[in-house]
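Asks: Before I ask anything, here is the structure I am working with.
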Amino acid sequence: MPGSERVEITGPYGDRYDEILTSQAIDLIAALHAELAPRRFEALAGRRRRQAELSRGAMLDFLPDTAYIREDASWRVAPLAPGLVDRRVEITGPVDRKMIINALNSGASVFMADFEDSNSPTWENCIEGQRNLCDAVRRTIEFTSPEGKEYKLNPNPAVLFVRPRGWHLNEKHFLVNGTPISASLFDLGLFFFHNAKAQIERGALAAADGDHIGHHLVGHIDFSRAEEIALVPLLLFVLDVVLSVLFGAVVPVRPHLL
């Protein structure tokens, strides 16, 4: 994996930002960009080509490569992972500290902390959101309102998912060799770097919602994005390898992209 990337962070540093933007975390984000940026640009170009075809009247259809699945009546998906069996009530919201606590305490089965649609993606919101998620994973997250009301996690909070920003968005405050990186890689890389090992050691699920990463291997099926077939599995493989190296042992990261 390339290792000579020049990183420039243009966003300001606030309270505890150094806990999130560690040298190892920065190296991971830069490595993900170096490895995956060309494939990402190809996939985005493929989206534009496919959209042009659809605008000219082309019809959506199933991929020929997956015909064997559709024709096999015995084919079944893999069993649900722990934490995914009961999703009867699932809520979403921004990565705001008070919101995370209230959502995890809500009684819902799942809370999806959302870096995109529910979040104004300012630099401060994204970094503070990562800090809030670190505290939530470790069950240490607390908040005191200006009126003095205290918020803490209940003993049995909801399962935590994280939704990164989409492939089409950039994180303009994090440049690698002068180029803004993928907001998806930034959000996913930081979350898994800081939390995957802690989640797994607790027997919990390291989960990310991938609907805005978007391709037909990621649950929300869109057959117009065939160019993205290999991109997410490659991302998971790179995360596996890099995190294993960083932690000095094999870390069984198998992120479930839903």
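Asks: Among the aspartates and glutamates, which have Cα under 20 Å from the Cα of LYS172 when same-chain residues fewer than 8 positions away are ignored?
Replies: GLU5, GLU8, ASP18, ASP27, GLU35, GLU42, ASP114, GLU116, ASP117, GLU124, GLU128, ASP187
Asks: How large, in Å, is the stretch 64-120 by the Kirkwood hydrodynamic radius built from its alpha-carbon pairs?
Replies: One decimal place: 14.1 Å for the Kirkwood radius.
Asks: May I ask you to compute the full-extension gain from SER23 to GLU147, defined as 0.36 nm times their residue separation minus their alpha-carbon distance, rounded to one decimal in nm?
Replies: 40.9 nm
Asks: Starting from the Cα of LYS152, draw a straight line to each of the lysines and keep only those under 27 Å, dropping any in the same chain fewer than 8 residues away.
Replies: The qualifying lysines are LYS98, LYS197.
Asks: Something else now. Full-extension gain between SER74 and ARG87, please, as 0.36 nm times their residue separation minus the C-alpha to C-alpha distance.
Replies: So the chain would gain 2.2 nm between SER74 and ARG87.
Asks: A follow-up question, please. I want the local charge near THR10. Using Cβ-Cβ distances under 12 Å, sum +1 for each Lys or Arg and -1 for each Asp or Glu among the other residues.
Replies: The answer is -1.
Asks: To continue, here is another question. Take THR122, THR92 and order them by how many other Cβ atoms sit within 10 Å, fewest up front.
Replies: Listing THR122, THR92 from fewest to most nearby Cβ atoms yields THR122, THR92.
Asks: Name the residues whose placed amide hydrogens come within less than 5 Å of the amide hydrogen of GLY93, ignoring near sequence neighbours (fewer than 5 apart) on the same chain.
Replies: Residues meeting the criterion, in which the H sits 1.01 Å from N, are MET112, ASP114.
Asks: Give me a comma-separated list of calculated 3J(HN,Hα) values for the stretch 33-48, in order, Karplus coefficients 6.51, -1.76, 1.60 applied at θ = phi - 60°, integers in Hz, x for any Gly or Pro.
Replies: Listing the rounded values in order: 4, 4, 7, 10, 4, x, 5, 4, 5, 4, 5, 5, 5, x, 4, 5 Hz.
Asks: Rounded to the nearest 0.05, what FRET efficiency is calculated for ARG138 and THR179 with R0 set to 35 Å and r the Cβ-Cβ distance?
Replies: Step by step, r from the Cβ atoms, then E = 0.55.
Bear in mind these aren't lab numbers, they're just calculated from the coordinates by the rules spelled out. On a predicted model such as this, the values are computed, not experimentally measured, just so you know. Note that each Cβ is placed from the backbone with ideal geometry, even for glycine, and that neighbours are counted across all protein chains shown.
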